[in-house]
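Presented below is the structure to which this report refers.
None of the figures in this text is laboratory data; all of them are computed from the coordinates on show. This is a predicted model, so every value here is computed, not measured. As a convention, Cβ positions derive from the backbone with ideal geometry for all residues, glycine included, and neighbour counts pool all protein chains shown.
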C-alpha cells in the first residue's frame with residue numbers, strides 16, 4: 001500500500017470515529033432530555049444558566065432545567081423511552097438521569113415509568129420514593145405534608161430524616177405523611193375509579209400508556225377512600241366528606257360510627273338527656289310518664305289531679 005493510500009485510509013477512519021462519537025454523544029444527550037408534549041396555561045422553563053422563559057410544545061428540556069407551573073396550570077414531559085412526567089398546578093420540579101431522579105420542590109407530579117427501565121426516584125424535602133415500572137402521583141406541600149398515590153405497580157416511601165422508617169405502597173393505596181413525621185402511618189386503600197375520573201393529572205391529558213392496567217378494585221376489597229383535594233388545601237387528609245362530620249361519623253359518635261361515652265364529644269349535647277332534667281320518653285314528651293317537675297334541690301312534686309286543676313265557678317252549681 002502506497003503512503004498516499006495509507007494517509008487517505010487513516011483520515012477516513014478518523015472521520016468515521018469522529019462522526020460515530022458525535023452521534024453517540026447526541027444519542028446520550030437525547031436520552032437525558034425530555035420533550036414538552038402538553039402545556040395548559042402558565043408553564044415556564046428555568047434553565048440553570050439563563051433567565052426563565054415560557055415553555056412551548058416540543059421544547060427540549062435538558063437535565064438540570066427546572067419547570068414551574070402557575071395557578072390552574074399543568075404540563076407534560078415525555079422522554080425518549082416513553083417515561084411520562086405530568087405536573088400539576090403551582091409545581092416546581094427538576095430532573096436528571098433521563099428523568100429517573102426527580103426533585104419536587106412543591107406541587108404535584110405524576111410519573112409513569114415503563115417496565116424494565118431501571119426504575120426511578122422521586123424526592124421532596126421530607127420523603128424519598130423509589131419506584132420500578134409503575135405509575136404514581138406525589139404531592140408535596142410547603143408545610144411538609146406529602147401524599148403518595150400508587151395507580152399501578154408499587155413504590156417504597158421513606159422519610160429523609162429517618163431513613164429506616166419506610167413503607168411499601170402498592171396499587172390502589174395511598175400514604176399520607178403529615179408534616180414533621182417521625183413515624184409513617186399505614187397505607188390506606190383508595191378509590192382509583194374516582195381518581196381516574198377527577199384528577200386533573202389524568203383527565204386533562206391523553207390516556208396513559210398502561211392506563212388499562214390501572215384497576216378500579218382495591219387490593220384488599222376493603223373500604224375505599226377518595227383522597228380528595230391537593231395537600232396544600234387545609235382540609236382533612238382524606239378530602240371532602242371525610243372528617244368530623246363525614247361518612248362513618250355522626251354527632252355523638254366517634255370514628256367508624258362508634259358511640260362515644262357521655263360528655264366525650266365536645267360541643268355536642270349528650271344524646272337522650274335534657275340539661276338538668278330527666279330523660280325524655282322516646283314516644284313523645286311525658287307520654288306514659290307521671291307529669292312531674294323537679295324543683296332545684298328538692299324532690300319531684302306531683303302534678304295536681306284534674307279535679308284540683310279545675311276550680312268550680314261561682315255560677316256553676318255544686
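A few notes on this one:
- For the range 166-189 versus the range 44-89, the inter-centroid distance based on Cα atoms is 28 Å.
- Protection proxy ranking, peptides 78-90, 138-150, 58-70, average beta carbon neighbours within 10 Å, highest first: 138-150, 78-90, 58-70
- Mean shadow area of the range 32-239, taken as a quarter of the surface of its Cα convex hull (nm²): 10.9
- Full extension of the chain between residue 204 and residue 117 yields a length gain of 28.7 nm, computed as 0.36 nm times the residue separation minus the alpha carbon distance.
- Global form of the range 96-149, assessed from the alpha-carbon gyration tensor, a/c cut-off 1.5: prolate
- At an R0 of 35 angstrom, the distance between the Cβ atoms of residue 143 and residue 51 translates into a FRET efficiency of 0.75.
- In terms of the mean number of neighbouring beta-carbon atoms within 10 Å, the peptides 174-186, 110-122 order highest first as 110-122, 174-186.
- Modelled FRET efficiency - R0 30 Å, residue 62 with residue 170, Cβ distances, 0.05 increments: 0.35
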